[in-house]
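The values are calculated or read from the model by the stated rules, or taken from the named source; none is laboratory data. Quantities reported herein were computed from a predicted structural model and do not represent experimental measurements. Positions of Cβ are backbone-derived with ideal geometry, glycine not excepted, and every protein chain shown enters the neighbour counts. These area figures cover heavy atoms from the full protein model, side chains too; ligands, DNA and RNA do not enter into them. Shrake-Rupley method; radii C 1.70, N 1.55, O 1.52, S 1.80 Å.
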Amino acid sequence: MNSVKWHRKLGLGAVDAGASENDISIQEFVDNELGRSAEYLGYASHRSNPAELVSWPDDLSYSLTERIERSVRQRTEMDALDAEQLESDQERNLRIQEINKRYSVVHTDIYRFFHTAQHTMGDINFRLSIFWLNHFTVGDVGPNVETIGDYWSSTMYDGLQGSFRDLLFKAISHPTMLTYLDNIYSVGENSEKGRNCRNNCTAGLNDNLARELLELHTVTPNYGYSEADIRVVANILSGWGFIFDKQPPIDEPDYLRAFVEYHAEPGIKTVFGQSFSEGPEGLRELTDFLANQDATIKFLSKKLLQHFASEQPLEADISAVENVWKLTDGDLRSVHREVLIKSYNYPGQRLLWPSQWAISVLRMSNAQLFKGFREIDIDFMEAVERDPRRLQNELGDSFWSGRQPNGYSYRTADWVSSEHMDRRIRFASLVFAGGNPKLKTDDIIELHQFSEQTKQLVNQATTERDKFILLTCSPEFLEV
């Protein structure tokens, strides 16, 4: 197995199949791939042939502060529109479209996500960023749709070179997570706001984020925590976050440290036999503690192997990943290295999530389906067919959708219905018809070393279109 096939097994498929490195070991290959920094690429127009790849432009890259400031202005104008009480629904809808076009960045984010996914040389790190984006699930709630792009890039993708401890804290304290799990409404009972609200307003503790932090993100219920423990964790989280599309309740806010003392439960908190500081420092102490627990390490070691290797990974392999985790204090490059090396020759195959499969179809065929970054707001005949948000929703695993906190399933059975297959066939047909694949089906088979069984399947077709669909929807392409 050479590096082209390793890319298909561990990542999303080699973007340059001619760059195979046959004289390196799997260990060297994985080390090289994990050492790649996050990169954001794109092309200006889908009409360019071939596409001229460049770094994603600065004028279409938005900081978290810029995103939130735009969301505040967007909501302010929406509220003003509501106050007008327009009688014409048509006029109201046109005004809403104008406001969204002026301030929303979500379509730009999704194009950046898919442009990068298709063209990055670091597809394995990109796939790892998708794993962590799914683990720390967020969804389209309130203004979140405008900040998910930052959450993915600045926290998940950029965070792959750090530690799990850092990743955990950044994920839990990001405005997108604080909004998604309602911590923006959580007020400590003995906080200044809580005391002031006892007679003339309503305020209370919300434990949604505390519950999911323990159940889904770290130690799991196997840790044996109680409802009382969840309440203490919720008190540690109180004060973190506010309604991010309204004017902030504090001067000169740091949105990556969105802590409002007025809402926070005062005093030292004790849980799991540990004491945690008053104020914002308490959350970092808590996430560091949870990141270091054996229950967290075991849970995530298994989950990583489930994503890359098998629904039921071997206990010996789980233990090996746990050992690396403990020896390196959760250094993600080291942990990921062990997972990938264990996974690359695992018996059996893993079904790719639909959007990962779709990216592989585009990468391995060198098709150019999506609009360029200078065409995002331009309408033309086939624009709808080139909209990645619509296509990801159609495939069923959009990270910009409303969804449950446990993320997308790792069970193959949940992704192999006749409806899911029909959607994949339609996508493959669209790529062939509208993406102008640069590689013929036979060339893809040869370069990416598909099996004789798949070759025989594809050769049953009499047209290039049917051969392309048979290959990309074959068991060997759907699975890695």
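Contact order, relative form, for the stretch 198-354: 18 percent (alpha carbon pairs under 8 Å, 6 or more residues apart, mean separation divided by residue count). Each Lys or Arg adds one and each Asp or Glu subtracts one; over the other residues with Cβ under 14 Å from the Cβ of Pro253, this totals -4.
Each Lys or Arg adds one and each Asp or Glu subtracts one; over the other residues with Cβ under 14 Å from the Cβ of Asn292, this totals -3. All other residues whose Cβ lies under 11 angstrom from that of Leu340 are scored, Lys and Arg at +1 and Asp and Glu at -1, for a net of +2. The accessible-area ordering, largest first, of the residues Met121, Met78, Met364 stands as Met121, Met78, Met364, per a 1.4 angstrom probe.
For the listed residue pairs Lys101/Lys246; Lys246/Lys371; Lys302/Lys326, the alpha carbons are over 25 angstrom apart in Lys246/Lys371. Between Trp240 and Val260, the built amide H atoms are under 5 Å apart, and every one of these is 5 or more places off in sequence or on another chain.
By the helix-only formula, in which each DSSP H run with n ≥ 4 contributes -39500 (n - 2.57) and the sum is divided by residues, the chain has a 222 nm mean residue ellipticity of -15000 deg cm²/dmol.
Counting only protein heavy atoms and using a 1.4 Å probe, the accessible area of Arg363 comes to about 10 Å². The mean sequence separation of alpha-carbon pairs under 8 Å and at least six residues apart, normalised by the residue count of the chain, gives a relative contact order of 19 percent.
Separation of the stretch 295-370 and the stretch 237-288 by C-alpha centroid, Å? Cα centres, the stretch 295-370 to the stretch 237-288: 33 Å.
Each Cα pair of the stretch 372-460 feeds into the Kirkwood radius, which the Stokes-Einstein equation turns, at 25 °C and 0.890 mPa s, into a diffusion coefficient of 153 µm²/s. Could you please state how large a percent of the accessible area of the chain is carbon and sulfur, counting protein chains only and using a 1.4 Å probe? Carbon-and-sulfur percentage of accessible area, whole number: 45. Distance between the modelled labels on Glu261 and Asp443, one decimal in nanometres: 6.5 nm (7 Å Cα→Cβ projection). The residue list Val480, Ile230, Ile184 was ranked by how far each Cα lies along the charge dipole of the chain toward its positive end, using unit charges on Cβ atoms, and Val480 comes out on top. Counting only protein heavy atoms and a 1.4 Å probe, the stretch 165-310 has 43 square angstrom of accessible area per residue.
Net length available on complete extension from Ser104 to Asn459 is 123.1 nm, with 0.36 nm assigned per residue and the Cα-Cα distance removed.
Dipole magnitude for the chain: computed about the Cα centre from +1 point charges on Lys and Arg Cβ and -1 point charges on Asp and Glu Cβ, it is near 760 debye. More than 22 Å apart: what percent of Cα pairs in the stretch 301-408 qualify? When every Cα pair of the stretch 301-408 is considered, 52 percent fall beyond 22 Å.
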